[in-house]
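Trainee: Structure in structure tokens, see below.
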């Protein structure tokens, strides 16, 4: 049972007869009258337990987008139900409206639509629906909580896909599909063609030129070699889901930035003809995608990423070389998405890098905090000077770790949350153009 505001107003109204009577019998009489009215109201109200409820909810939605969820309610009782329905989604599901009024005659069915706009990744669930059925006097309601399970998977938003067209254009240039042709010993031979003004003389194939020489003594036709980027290479993306990935930078967890970078890189590499594998790891494998190609790759990646949250433990970097070796025995581009803030927290990573760089091309990508860079320029008072000194020290620590990573033979990319995904994609294109995959 639930009492309404009208009942509170009715009790307050009883102060007038109680004072007029001037004794306890007036108060007791008024309370008895209120109790009788409540009993009559509850008896006249429809039973919420006679309602049959089911949900229709989409299976998935991207973070930041909205999706409709329908609640189907059928009244199997003998009385009409006049009341309020609370859909009871988790707060992070962003259900609006959370409560709706309903008038449901006996034997009929209604559909209530709720708009879900989630604010967090993962599984957003609703287990029950609470219904309050008011009587005709609106003083009290019969309340029941009914089972109506529902769930929606909130996928990573993939905001960085806006950078994909420009990177694909650069990829087409590398692939020779436009007028720009790439030449160099680090790429795969594509074809021969006649020399035109502006071609690099180092690309002339003298043997092919000699074979094409006109025996009648005509003009010599030079032949050049054209190249295309290497294909069918392996790209292994390892996302750190340990303690440091839980930090929020620019209002976004580091883990989410790593997911954005992974999705953009995977979309670009798959278009380039390379094989992409994903592992989310701390001390155990939290998510894995292997053997997927084409549109299936991104679909499986976002499904694997959606429920993963950072775990407040140190990442076991000593297990990563064996994990990569298990994924592929061949040479690959291994992209480690982690943090390189301080030498102390990066010691385990630095110790594991030589085992990876011995067999693979390794790229370490880390997000940087733009507020730290901004703090180094604010020195208006004593507090800001101390803050600037701490920020400078943090930048020096990160630079020391980056230098140690380069000494181990790996590449380093650091940038803000908004710029890290395209920066990783650009470095991939540079490595592909240099034939280092």
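Values in this text are rule-based calculations from the coordinates and carry no lab data. The model shown is predicted, which means the values in this text are computed figures rather than measured ones. FYI the Cβ positions are ideal-geometry reconstructions off the backbone, even for glycines, and counts take in every protein chain you see.
Trainee: Taking 0.36 nm per intervening residue step and subtracting the Cα-Cα distance, what contour gain separates residue 377 from residue 70 on full extension?
Mentor: 105.3 nm
Trainee: Right, something else. Sorting check: for 66-75, 356-365, 381-390, which peptide has the highest mean count of neighbouring beta carbons within 10 Å, and how do the rest follow?
Mentor: 356-365, 66-75, 381-390
Trainee: Here is a further query. Highest mean first, how do 102-108, 243-249, 267-273 rank when packing is the count of other Cβ atoms within 10 Å averaged over residues?
Mentor: Ranked from most to least packed, the peptides come out as 267-273, 243-249, 102-108.
Trainee: When the chain is fully extended, how far beyond the present Cα-Cα distance does residue 342 get from residue 123, taking 0.36 nm per residue of separation?
Mentor: 75.5 nm
Trainee: Contact order normalised by length for the chain, with contacts defined as Cα pairs under 8 Å and 6 or more residues apart; what percent is it?
Mentor: Over the chain, the number comes to 13 percent.
Trainee: Turning to a different aspect of this structure: What percentage of all Cα-Cα pairs in region 238-294 are separated by more than 13 Å?
Mentor: Roughly 63 percent, once rounded to a whole number.
Trainee: What is the helix-to-structure angle for 164-174, meaning the angle in degrees between its Cα long axis and the longest Cα principal axis of the chain, kept from 0 to 90 and rounded to the nearest 10?
Mentor: 10
Trainee: Tell me, how many Å apart are the Cα centres for region 278-328 and for region 128-179?
Mentor: 23
Trainee: Treating the angle as unsigned and between 0 and 90°, give the value, to the nearest 10°, between the Cα long axis of helix 382-407 and the longest Cα principal axis of the chain.
Mentor: The helix 382-407 is inclined about 50 degrees to the chain.
Trainee: Just to be sure I understand the curve: with the Debye formula and one point per C-alpha of the chain, what is log10 I(q)/I(0) at q = 0.13 Å⁻¹?
Mentor: Here the Debye-derived log intensity ratios amount to -1.10.
Trainee: Counting helices only, and only those DSSP H runs with n ≥ 4, report the 222 nm mean residue ellipticity of the chain as the sum of -39,500 (n - 2.57) divided by its residues, in deg cm²/dmol to the nearest 500.
Mentor: Calculated from helices alone, the mean residue ellipticity at 222 nm is -10500 deg cm²/dmol.
Trainee: What full-extension length gain, to one decimal in nm, is calculated for residue 299 and residue 166 as 0.36 nm per residue of separation minus the Cα-Cα distance?
Mentor: Answer, rounded to one decimal: 45.7 nm.
Trainee: Report the antiparallel proportion of the DSSP beta bridges in the chain as a percent, rounded to a multiple of 5.
Mentor: 70
Trainee: Nearest 10 degrees, 0 to 90: what angle lies between the long axis of helix 254-271 and the longest principal axis of the chain (Cα atoms)?
Mentor: On a 0 to 90 degree scale, this one is about 50.
Trainee: Moving on to the next point. Can you tell me the FRET efficiency between residue 288 and residue 144 if r is taken as the Cβ-Cβ distance and R0 is 45 Å, rounded to the nearest 0.05?
Mentor: With R0 = 45 Å, the Cβ-Cβ based efficiency is 0.55.
Trainee: So how do 344-355, 77-88 stack up, highest first, on mean other-Cβ count within 10 Å?
Mentor: 77-88, 344-355
Trainee: Right, another one. Equivalent-ellipsoid semi-axes (√(5λ), Cα gyration tensor) for region 293-437, whole Å, largest first?
Mentor: So the equivalent ellipsoid measures 31, 18, 16 Å along its semi-axes.
Trainee: Rg and Dmax of region 256-331, using alpha carbons, in Å: what are they?
Mentor: For region 256-331, the Cα-based Rg and Dmax read 12.7, 36 Å.
Trainee: Would you compute the Debye intensity of region 308-377 from its alpha-carbon atoms alone, equal scatterers and no solvent, and pass along log10 I(q)/I(0) at q = 0.15, 0.28 Å⁻¹ to two decimals?
Mentor: Treating every Cα as an identical point scatterer, log10 I(q)/I(0) equals -0.59, -1.36.
Trainee: Here's something else I'd like to know. By count of other Cβ within 10 Å, fewest leading, how are 1, 305 ordered?
Mentor: Ascending Cβ contact count within 10 Å gives the list 1, 305.
Trainee: Follow-up. I want to check the label-to-label distance for residue 406 and residue 312. Put each point 7 Å from Cα in the C-beta direction and report it in nm to one decimal.
Mentor: The answer from the label model is 3.7 nm.
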